[in-house]
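Note sheet for the following structure.
The values are calculated or read from the model by the stated rules, or taken from the named source; none is laboratory data. On a predicted model such as this, the values are computed, not experimentally measured, just so you know. Every residue, glycine as well, gets a Cβ built from its backbone with ideal geometry; the counts of neighbours run over all protein chains shown. With ligands, DNA and RNA removed, areas are computed over all heavy atoms of the protein, side chains included. Shrake-Rupley method; radii C 1.70, N 1.55, O 1.52, S 1.80 Å.
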Amino acid sequence: MISAEVICDSISEAGKRLTTFKLRYPKFIHGESKTHRVISWGNEGGYIVMEQEVGLMDDKHLSRNASSSRAVPTRKLLAEIRSGNFAVPERWGKDQKGMQAAEDFSPDVPCQPGKEVSELEFVQKVWAMSAMSACEHAQALLDFGAHKQLVNRILEPYTHINVVVTATEWDNFFGLRLHKDADPTMRALAVAMWEDRQKCKPQLRKDGEWHLPFIDKDTEEQLFRRSFKNGVFDRDWHLDLCRKVSVARCARVSYESFETGKRSTVEEDLPLYDKLFAGLQDTSAPLHASPAEHQARPDQKVTPFARTGRITDKNGDFVWLQHELHGNLVGWCQYRKMLPGEACAPLPEGFAP
Amino acid sequence: MIDAIATFGPNNRLVFDLRYPTYLHGNFAFIAASHGVSLEYRTKADGHDTLTILREDISKVAVPSFSSLPDQDRASAAQNIWQELAKCTIDFADGLRLLGAGDDIVNRMLIPFSHIDVRATEGMGWDALLALRDSLNVAGEIRELLRVMFDCRARRMM
């Protein structure tokens, strides 16, 4: 099952669009990084393989957080797989020279002459049997007391992963992954993302407004009640709480709490934020800053003179007022970049600077 | 199996050639990317005959450490279960191969049991990434990989 949903879509007054997706896709494409374009030549069946970076995990323009193998209970994964909701390849391609399968197994061709079962059904059946075999062994390991992190590994080919992704620069992402030679499962994900993004109308965020994934009206109202200081509504305090809850939910890749499986409350989210950013108080603890890459406010376009105080010869050009806060976004100031020490882990004991 | 070789690349930058279980890759790639380390893949799921390698030598199956189990007997039994599943999965993968399935399908089934070769090149130095080897918030096997890299770097610097 592949799904892609735009959960927050914003556009700045300068015209830069920032989109956050919540994705669910087979875990087996999660760590993959390249597509392969094959150029064939001659009658000898020779081919050249050209590789391009098209992974989700190593595209520098994308901020991502994924549900961890350590966080998902094995019993939940086992139940999903046993119910038949296991991950499968998008296309069931036949083996051939090169990297892309040109021909798929057919639902109309019998697996053997005279048999009723088609070759496609047969191949799918073998995949399903393999998934059930993995479940049996995973159950045995679980009963033995092995940690879910280990047990979940053997279920990886058959499980899905939930990922939250945020970026401003999508053109190259879609250009590569929508190409017909991209991996079929990766391409199906890209198509789902493209279609959902095309349907969305981004919300205009003015100067000082924030792009905050997983913050809806309900959450805002809950936080509104907590945002009064001495009986007066404090807008900055309110924004700070909204950012923190958004960070916690992006870290969890969900509105739902791990513990209860129900929608998380702000009472659960705020302590999670504090745990992730314990390093802000205790400098020996590392910051887990990546979930703070999904929240951002628009930057402003200014003339070079306004920023530097110097007249440049680039007449009519503009620069971003605070481009040092963009991180991997363009035209948006990323929350992560506003946190002290976000890019540098503390040196371990015994290593003085 | 986790293995690392450190060499000096262009501009005297330290480069690691790593081998680790494929199932660690997604997690490691994410941590590496957020510390400015780029990974170049030497082998990948589709385009490398994992099935033949594992069928010919079952000892090449990636097996996690079960040292967190309470006693050695349980750890050995858990390893046996893992190996048994590896053999079953290799049989299923063989079946798919005989039916004519493509490498991308066959090799994906073998993800829990295969290794990946990766070249890691730093962009901002290695200290921040390698410091995570002692962080309890990082998965045990990733910590182990970072420890191997840290020791490898220390040897290379001597």
Legend entry - Selection from segment B:112-121 of residues that are of a type outside the set (S, T, N, Q) and surrounded by fewer than 20 Cβ atoms within 10 Å (Cβ to Cβ): B:Asp117, B:Arg119
Inset, instruction - Of the numbered conditions (1) surrounded by 14 or more Cβ atoms within 10 Å (Cβ to Cβ); (2) closer than 26 Å to B:Met109 by Cα; (3) touching a strand residue (DSSP E or B) at 6+ places or on another chain (Cβ under 9 Å), A:Asp196 fails exactly one; give the number of that condition. - result: (2)
Legend entry - Only listed residue being on the phi < 0 side of the Ramachandran plot, aromatic (Phe, Trp, Tyr) and more than 12 Å from chain B (Cβ to nearest Cβ), chosen from A:Phe214, A:Phe144, A:Phe174, A:Phe122: A:Phe174
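Is segment A:122-132 home to any residue that is open to solvent by 80 Å² or more (accessible area, probe 1.4 Å) and touching a Lys or Arg at 6+ places or on another chain (Cβ under 9 Å)? Show your work before the answer.
Kept after step one, since they are open to solvent by 80 Å² or more (accessible area, probe 1.4 Å), are these residues of segment A:122-132: A:122, A:125, A:129.
Checking the rest, the ones that are also touching a Lys or Arg at 6+ places or on another chain (Cβ under 9 Å) come to A:122.
Looking for residues that are open to solvent by 80 Å² or more (accessible area, probe 1.4 Å) and touching a Lys or Arg at 6+ places or on another chain (Cβ under 9 Å), one finds at least one in segment A:122-132, hence yes.
What about B:Ile58, is it in contact with a Lys or Arg (Cβ under 9 Å, 6 or more places away or on another chain), more than 10 Å from chain A (Cβ to nearest Cβ) and more than 30 Å from A:Arg336 (Cα to Cα)? Reasoning before the result, please.
Details: in contact with a Lys or Arg (Cβ under 9 Å, 6 or more places away or on another chain): yes; more than 10 Å from chain A (Cβ to nearest Cβ): yes; more than 30 Å from A:Arg336 (Cα to Cα): yes.
Criteria met by B:Ile58.
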Inset, instruction - Scan A:Thr185, A:Thr166 and give me the residue that is under 16 Å from the mean Cα position of the chain (by Cα), open to solvent by less than 30 Å² (accessible area, probe 1.4 Å), of a type in the set (S, T, N, Q) and under 20 Å from A:Lys337 (Cα atoms). - result: A:Thr166
Inset, instruction - Would you check which residues across segment A:135-163 are crowded, with 21+ Cβ neighbours inside 10 Å and charged (D, E, K, R) and list them? - result: A:Arg153, A:Glu156
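Residue by residue, here is whether (1) within 22 Å of A:Leu189 (Cβ to Cβ); (2) modelled with pLDDT of 70 or more; (3) aliphatic (A, V, I, L, M) holds:
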residue: A:Glu44; (1), (2), (3): no, no, no
residue: A:Tyr47; (1), (2), (3): no, no, no
residue: A:Met57; (1), (2), (3): yes, no, yes
residue: A:Leu77; (1), (2), (3): yes, yes, yes
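One line per residue, one yes/no per condition, for (1) more than 9 Å from chain A (Cβ to nearest Cβ); (2) in contact with a helix residue (DSSP H, G or I) (Cβ under 9 Å, 6 or more places away or on another chain); (3) buried (at least 20 other Cβ atoms within 10 Å of the Cβ); (4) of a type in the set (Asp, Glu):
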residue	(1), (2), (3), (4)
B:Asp71	yes, no, no, yes
B:Gln79	yes, no, no, no
B:Ala128	no, no, no, no
B:Leu136	yes, yes, no, no
